[in-house]
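Below is one structure; the comments refer to it alone.
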Amino acid sequence: MRSDQSLAARKRYRFVTLGTLAMAAVLGASAFAAPQQVAGTFTATTANMTPAGVNLRIQIMQWQEADGRAEVVATLAGGADAATPLAKLPTVGYVWPNGSPVGYSVKYAHRASQADGSERITLVTDRRLGSYEFKGWSVASPAAQSDAPYSVIELVIGSSGTGTGTFSLGGEAVLDEAAGTVALNAGAPSLLTNVQRQAAAP
C-alpha cells in the first residue's frame, strides 16, 4: 500500500511540475512575442559612396537621457579599444540595411530641436556600417574615411518629415566628454538621401 501511495505521489508531483513548466513556457512566449515600443522610425538611402542605393531602416526604441549618452561618449573616448565595451552598453535601437539578415545596434540616440524648426538626430552604432559586408563600405577619398570601430549617424529632419543625413564613413566624430555629446565634423559629406520620418504604426 505504501508503495502505491508513493507512486501516486510521484505522479502527482510530475503532473504539477509539467504543468508549471508549461505555464512558464506560455508566459515566456507571450513576453517574447510582445511588440517592443518604437519611439521613432526613419528611412534613408546611401549616396555618394560605395555601395550607393542601399536602403536603411532605423528604429529607435528609446531616446536616451543625459547620463546614458555621457556613458556612451566616455566609452567612445577609448578610440580603437571602444568596440568591446560599447557592445556591452544598453541597446536603444537598430539600423537595418535592406536585404541584410543582420542589423547594427544603436547605443546612443539623441534628438535636439534646431532654431529653424528642424530636428537633429544623432546616433551611434556598435559597429561600423558596412562591416558585415564582404567588401565593406567606402567613399571616393580614402583620406576622408574614418577608422573608428563604430559609426556616428546624423539626420536633420524638417517639419515635413523629410531631410538630409550623413554618417562617419566620410567624416570624423567629434566627442565632447564634458557635455556628453558626439557629432560629426562640419565638413562631412552627405552620404544619406531620401531621409524620411515614418509615421507611427496605429
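None of the figures in this text is laboratory data; all of them are computed from the coordinates on show. In this text the structure is predicted, and so the values were computed from the model without any measurement. For neighbour counting, all protein chains shown are included, and Cβ atoms are generated from backbone atoms with ideal geometry for every residue, glycine included.
Please compute the net charge surrounding A178, taking Lys and Arg as +1 and Asp and Glu as -1 over other residues with Cβ under 15 Å from its Cβ. All intermediate terms of the calculation are to be shown ahead of the outcome.
Details: positive: R69; negative: D67, E71, D176, E177.
The answer is -3.
Within the set of other residues whose C-beta is less than 11 Å from the C-beta of D147, count the net charge using Lys and Arg as +1 and Asp and Glu as -1.
Working: positive: R128; negative: E172.
Net charge in that neighbourhood comes out at 0.
The slack in the chain from A74 to N185, taken as 0.36 nm per residue of separation less the alpha-carbon distance, amounts to 38.1 nm.
When only DSSP loop residues count, what trypsin sites (Lys or Arg not before Pro) in the stretch 35-121 have their Cβ near at most 15 other Cβ atoms within 10 Å?
Working: sites: R57, R69, K88, K107, R111, R120; in loops: K88.
Passing both the DSSP loop test and the Cβ count: K88.
Across the stretch 86-97, computed HN-Hα scalar couplings (Karplus, 6.51 cos²θ - 1.76 cosθ + 1.60, θ = phi - 60°) run 5, 5, 7, 6, x, 8, 10, x, 9, 10, 10, x Hz from first to last residue, x flagging Gly and Pro.
Between W96 and Q114, 0.36 nm times their residue separation minus their Cα-Cα distance comes to what?
Numbers: separation 18, 0.36 × 18 = 6.48 nm, distance 2.68 nm.
Additional length available on full extension: 3.8 nm.
Here the dipole of the stretch 40-198 is about 480 debye; that uses its Cα centre as origin and unit charges on the Cβ of Lys and Arg (positive) and Asp and Glu (negative). Annotation: extensible slack from N194 through D176 equals 3.6 nm (criterion: 0.36 nm per residue apart, minus Cα-Cα distance).
By definition, a body whose alpha carbon gyration tensor gives a ≥ b ≥ c is prolate when a/c is 1.5 or more and a/b is larger than b/c, and the stretch 147-202 fits this prolate description. Here E65 and V156 are evaluated by their C-beta separation; at R0 = 25 Å the FRET efficiency comes out at 0.65.
In terms of packing, defined here as the mean over residues of other Cβ atoms within 10 angstrom, the peptides 151-163, 172-184 line up highest first as 151-163, 172-184.
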